Amino acid sequence: MTSLHPTNPPPDALPPDLPPNKPLPEAEALWKTGDVAKFLRVSSKTVFELRKKGLPYLKLGGAVRFIPAEVKDYLVRSRRLSAHQLRQIARKGAHL
């Protein structure tokens, strides 16, 4: 039976690509709800509703924060085509 000393974490405790003395990469600035609302040009209430529908967010203590790249990715994943765009795609597909 092996005993681990509290100052020596198990070898798998750190990600393999991150040596113990290497600083973490600089983090992108997190957005507040108002920042997301301004970016999307919607109200803060709409941002709250989008959270319910899957907009990714973080809870840090009682504060809600957003990672800008995840907000942008959510927009791409949530994009819907208009009926006009669908008709154009269908017409182009018929001529292929």
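From the residues in segment 40-79 that are in a helix (DSSP H, G or I), hydrophobic (A, V, I, L, M, F, W, C) and more than 11 Å from the chain's Cα centre (by Cα), which one is modelled with the lowest pLDDT? Before the answer, list the steps.
Restricting attention to segment 40-79, the residues satisfying the condition of being in a helix (DSSP H, G or I) are 40, 44-52, 68-78.
Then keep just the ones that are hydrophobic (A, V, I, L, M, F, W, C); that gives 40, 47-48, 50, 69, 71, 75-76.
From the residues that got through so far, the ones that are more than 11 Å from the chain's Cα centre (by Cα) too are 40, 47-48, 50, 76.
Working: Leu40: 93, Val47: 95, Phe48: 96, Leu50: 94, Val76: 88.
Restricting to residues being in a helix (DSSP H, G or I), hydrophobic (A, V, I, L, M, F, W, C) and more than 11 Å from the chain's Cα centre (by Cα), the top hit is Val76.
For segment 50-86, a residue qualifies if it is of a type in the set (Val, Ile, Thr) and in contact with a strand residue (DSSP E or B) (Cβ under 9 Å, 6 or more places away or on another chain), and the qualifying residues are Val64, Ile67, Val71. For segment 56-96, residues that are in contact with a helix residue (DSSP H, G or I) (Cβ under 9 Å, 6 or more places away or on another chain) and more than 21 Å from Ser44 (Cβ to Cβ) total 1.
The values are calculated or read from the model by the stated rules, or taken from the named source; none is laboratory data. In this text, all values refer to a predicted model and were calculated from it rather than measured experimentally. Note that each Cβ is placed from the backbone with ideal geometry, even for glycine, and that neighbours are counted across all protein chains shown.
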